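Enquirer: Attaching a single structure in structure tokens format; questions to follow.
Derivation of every value follows stated rules applied to the coordinates shown; laboratory data play no part. Everything numeric in this text was worked out from a predicted model, so none of it was measured. Cβ coordinates were reconstructed from backbone atoms using ideal geometry, including for glycine residues, and neighbour counts include every protein chain displayed.
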Amino acid sequence: MKTLMLALVLFPALTLSSVKAQEAAEVRKIFEAGHYQQVVDIAAADAAPAVVYTAAQSHQKLGASDQARVSYAQLTDRPEEDPWHFIGLSGQQLLDGDTGAALESARQAIGLAGTLPEAHYQLGLVLARREDWRGAADAFDRAAQLNPGLAYAHYYGGLMHYRAGRPDRMAIAFETFLKLAPEAPERPEVLQIMRTVRGR
């Protein structure tokens with residue numbers, strides 16, 4: 001929050017939404033480098049929804065489901081006309097293993113804001129859990145199309161294309177992921193999958 005206020009004081013021409021978008025992108029880069037605890041530490045209660053969403057995912061990476069639930073609850077506290085409400089709800093439902101409800105909530109988020117990349121990303125996570133590899137790949141591809149800098153949309157899209165038997169699309173997604181997130185913990189896994197596929 002201090003960074004946000006400082007930016008607005010130093011650069012009054014900046015809008016609040018553009019500063020929050022920049023903040024979300026910076027937090028996402030920290031997440032992509034595998035610094036999950038750092039994301040959790042800097043995600044304040046009044047942070048942008050995308051930051052809160054990244055914090056929830058960081059808690060999950062750290063194996064802290066209860067804390068992830070708290071972060072998702074921050075999003076569900078938003079009004080029902082806000083797509084982030086349903087993204088948070090979908091995240092909670094997915095934690096509970098209720099993939100049917102999580103799917104419906106993700107679709108409601110997309111219905112409210114079809115151009116919000118995180119809504120499609122959440123849909124991809126749900127479809128992946130339901131083992132709908134092709135549907136999940138399409139959802140992650142849409143998230144990456146809406147925000148090409150969303151590295152994990154490319155990563156999960158690559159995994160889903162791999163499972164759906166589309167190695168050509170997997171390779172494109174993985175190459176983009178490696179460029180966007182060179183320090184990602186999944187890098188060795190991605191390189192191994194690519195070597196295996198290319199060696200066939």
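Enquirer: So for the range 133-200, averaging the separation of alpha carbon pairs under 8 Å that are six or more residues apart and normalising by length, what relative contact order in percent results?
Expert: 26
Enquirer: Angle check, please: helix 49-61 long axis (alpha carbons) against the longest principal axis of the chain (alpha carbons), in degrees 0 to 90, nearest 10.
Expert: Tilt relative to the chain: about 50 degrees.
Enquirer: Relative to the Cα centre, what is the charge dipole magnitude of the chain, using +1 at the beta carbon of each Lys and Arg, -1 at the beta carbon of each Asp and Glu, and rounding to the nearest 20 debye? Write out the running numbers ahead of the final one.
Expert: Numbers: 20 positive and 23 negative charges, 159 e Å.
That gives a dipole near 760 debye.
Enquirer: With Rg and the Kirkwood Rh both taken from Cα atoms, where does Rg over Rh land for the chain? It would help to have the intermediate numbers written out before the result.
Expert: Values: Rg = 16.8 Å, Rh = 17.2 Å.
Result for the chain is an Rg/Rh of 0.98.
Enquirer: Can you compute the FRET efficiency between Ile172 and Gln38 using 1/(1 + (r/R0)^6), with r the Cβ-Cβ distance and R0 = 25 Å? Round to the nearest 0.05. Please list the in-between numbers first.
Expert: On the way: r = 30 Å, r/R0 = 1.20.
Once the sixth-power term is evaluated, E becomes 0.25.
Enquirer: Order of 80-92, 108-120, 38-50 by packing, highest average Cβ count within 10 Å first? List each step's numbers first, then the result.
Expert: Details: 80-92: 22.4, 108-120: 19.0, 38-50: 17.3.
Order by mean packing, descending: 80-92, 108-120, 38-50.
Enquirer: Can you compute the helix-only [θ] at 222 nm over the chain? Use -39500 (n - 2.57) per DSSP H run of at least 4 residues, normalise by all residues, nearest 500 deg cm²/dmol.
Expert: Numbers: 12 runs with 151 residues, N = 200.
For the chain, the value works out to -23500 deg cm²/dmol.
Enquirer: Using the charge dipole of the chain (Lys, Arg: +1 at Cβ; Asp, Glu: -1 at Cβ; taken about the Cα centre), state which of Val190, Phe140, Ala55 has its Cα farthest towards the positive end.
Expert: It is Val190, whose Cα lies furthest towards the positive end.
Enquirer: Something else about it: Based on alpha-carbon atoms only, what is the radius of gyration of the range 133-200 relative to the globular estimate 2.2 N^0.38 Å? Before the final figure, lay out each step's value.
Expert: Values: Rg = 10.9 Å, N = 68, 2.2 N^0.38 = 10.9 Å.
For the range 133-200, the normalised Cα radius of gyration is 0.99.
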